[in-house]
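Written out below as C-alpha cells is the structure these notes cover.
The values are calculated or read from the model by the stated rules, or taken from the named source; none is laboratory data. None of these values were measured; they are calculated from a predicted model. Note that we place each Cβ from the backbone using ideal geometry, even for glycine, and neighbour counts take in every protein chain shown. We work out accessible area using only protein heavy atoms, side chains counted, and drop any ligands, DNA or RNA first. Shrake-Rupley method; radii C 1.70, N 1.55, O 1.52, S 1.80 Å.
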Amino acid sequence: MKTFKSTFEQYNWDEIQSEIYASTSKQVEQVLAKSTRNLDDFLVLLSPAAQPYLEQMAQECHELTKKRFGKTIQMYAPLYLSNECQNICTYCGFSLDNKIKRKTLMDSEIKQEVEVLKTLGFDHVLLVAGEANYTVNINYFLNATEVIKNDFSTISVEVQPLSQEEYERLHEAGVYSVLVYQETYHQEVYKKYHTKGKKSNFDFRLDTPDRIGKAGIHKIGLGVLLGLEDWRTDSYFNALHLDYLQKTYWQTKYSVSFPRLRPAEGTVPPNFIMDDKDLTQLICAYRLWNEDLEISISTRENEKFRNNIIPIGTTSMSAGSKTNPGGYVVDPQSLEQFEISDERSVAEIANIITLRGYEPVWKDWDRSYK
Ligand code: SF4
C-alpha cells in the first residue's frame, strides 16, 4: 500500500538544501505577490533570502490567521504519564541510558494530576509517555483515556508509534488527535541520535502518520526537533509530509509544532542553533503556504518569544506545563523530559493573551458533536 515513504524517496536532502540556499530576493518577491502558494513557494519563504522580508511576511501571516481562526488561542496542557523508555535518544532526559528513577502513573495518580489541571481551567489535555512496551502500551493508553475521558472534551496523545488497529482503538476510546514528530528527516543524522530501541527504525516512524490517517483520527500533528539538523531543510521535508497527508487523508485536520531542542539531564546540546528570528520566519512561511494549518507553541519557548508570537500565526498554546510524570502534584521531583522555558502560571499566560487582544479558548468542541 502506498505511503509517504514512496514520495519521500523521490527527494534528495542535498538538492533541496542547495535550492533553499540559492533562492534569491527576486523569487521571494514573486512568491510574496501571490495569493495562493505551493510547496515550491514554501521553499523560497524558508530561505535566507526571505529574512529581510520578515516584517511583510509577519503582517500577512497575522491577517491570514485572523481570517481563518479569529483572534483565539486554544489552551492545552501536557499530562506526562510515564518516563519509562526502552529507546536511546541522545537528546532526551527519558533515554534508556539515563540512570534515573522511572515512574508510570497509576489510575489514582492520574486522577490527582487531572484534578489540578481541571482547577487550572484546562479542557484539552495532551497525554505524553516514553516508549516502554511492557508497561506503557496500548492497554495502558486505553485505560488512561477511560480514566480521564469525562474530565476533558479534547484528548490528544503524543506517545510511541502504534499500529493502525491500535490507533483505531484509541479513536474509538475518544482520542481526538495524535502527535508524532519525525525529529529529523535526514536519515543518517536520525541514526546518530536514535541509537537503540524501536525508535531507531526511521521508516516505521516515517509511515506512522499514514497509519493514523487510515485509522480516522481527527487531527494529526507533525514537527521536527529543531536543533538536530539544518532547520530549513528539515522543515521543507516536514511540509512535504504534511502536503502528502493533506492530499491523501483530506478529511483530517493538521497541526505543526516547533520544538526547539531544550536542555535535559544527561543529553547532548543542539547541533544547529535556531534563533527567535529564524523561528518567526518558519512560522510565517508555514502560514503563508497553508492557511488551514494549526500552529502550536509550547512552553519550551521563552516568555518574550511567546508573548510576541501570539498575533503571528499561533492557534494553540500550552501553559503551566510540567514535563515529568506526576509533575503537577503527585511527584514534582521526578525526572523531566526537558526543561521548560516559560515558567509563568496559567493565569499569567491567559492574561497576556487577553492583553494582546486575543481570547484564550479552553473548550474547542464537545465530543457529543462528533
Ligand atoms: S524522545 Fe521519546 S522515545 Fe526517545 S528517549 Fe525520549 S521518551 Fe523515549
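Here are a few things to note about the model shown:
- Residue 96, sole failed condition from (1) within 13 Å of the ligand (Cβ to nearest atom); (2) assigned to a strand (DSSP E or B); (3) aliphatic (A, V, I, L, M): (2)
- Criterion (at pLDDT below 95 and open to solvent by less than 40 Å² (accessible area, probe 1.4 Å)) met by exactly one of 174, 221, 197, 227: 227
- For segment 146-165, a residue qualifies if it is buried (at least 22 other Cβ atoms within 10 Å of the Cβ), out of contact with any Leu (no Cβ under 6 Å at 6 or more places or on another chain) and of a type outside the set (A, V, I, L, M, F, W, C), and the qualifying residues are 154, 160.
- Hey, residue 313 surrounded by 22 or more Cβ atoms within 10 Å (Cβ to Cβ) and either without any contact (Cβ under 8 Å) to a residue 12 or more places away in the chain or over 20 Å from residue 158 (Cα atoms) (or both) or not: yes
- Residue 174 fulfils the conditions (1) touching a helix residue (DSSP H, G or I) at 6+ places or on another chain (Cβ under 7 Å); (2) at negative phi except for a single criterion, (2).
A quick yes/no check of all residues on (1) part of a loop (DSSP other than H, G, I, E, B); (2) farther than 24 Å from residue 246 by Cα; (3) touching a helix residue (DSSP H, G or I) at 6+ places or on another chain (Cβ under 6 Å); (4) free of Cβ contacts under 8 Å to residues at least 40 places away in the same chain:
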site: 7; (1), (2), (3), (4): no, no, yes, no
site: 18; (1), (2), (3), (4): no, yes, no, yes
site: 29; (1), (2), (3), (4): no, yes, no, yes
site: 35; (1), (2), (3), (4): yes, no, no, yes
site: 40; (1), (2), (3), (4): no, no, no, yes
site: 43; (1), (2), (3), (4): no, no, yes, no
site: 52; (1), (2), (3), (4): no, yes, no, yes
site: 56; (1), (2), (3), (4): no, yes, no, yes
site: 67; (1), (2), (3), (4): no, no, no, no
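- Scanning segment 70-93 for residues that are closer than 21 Å to residue 192 by Cα and either away from the ligand (no atom under 16 Å from the Cβ) or not in a strand (DSSP E or B) (or both) returns 85, 86, 87, 90, 91, 92, 93.
- Subset of segment 234-264 [at pLDDT 95 or above and touching a Cys at 6+ places or on another chain (Cβ under 7 Å)]: none
Residues are listed down the side, and each one gets a yes or a no for (1) out of contact with any Gly (no Cβ under 7 Å at 6 or more places or on another chain); (2) within 16 Å of the ligand (Cβ to nearest atom); (3) on the phi < 0 side of the Ramachandran plot:
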residue	(1), (2), (3)
103	no, yes, yes
107	yes, no, yes
119	yes, no, yes
155	no, no, yes
162	yes, yes, yes
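- Flag if residue 128 is within 16 Å of the ligand (Cβ to nearest atom), in contact with a Pro (Cβ under 6 Å, 6 or more places away or on another chain) and at negative phi: yes
- Reported count of residues in segment 113-158, each being touching a strand residue (DSSP E or B) at 6+ places or on another chain (Cβ under 7 Å) and within 27 Å of residue 97 (Cα to Cα), is 12.
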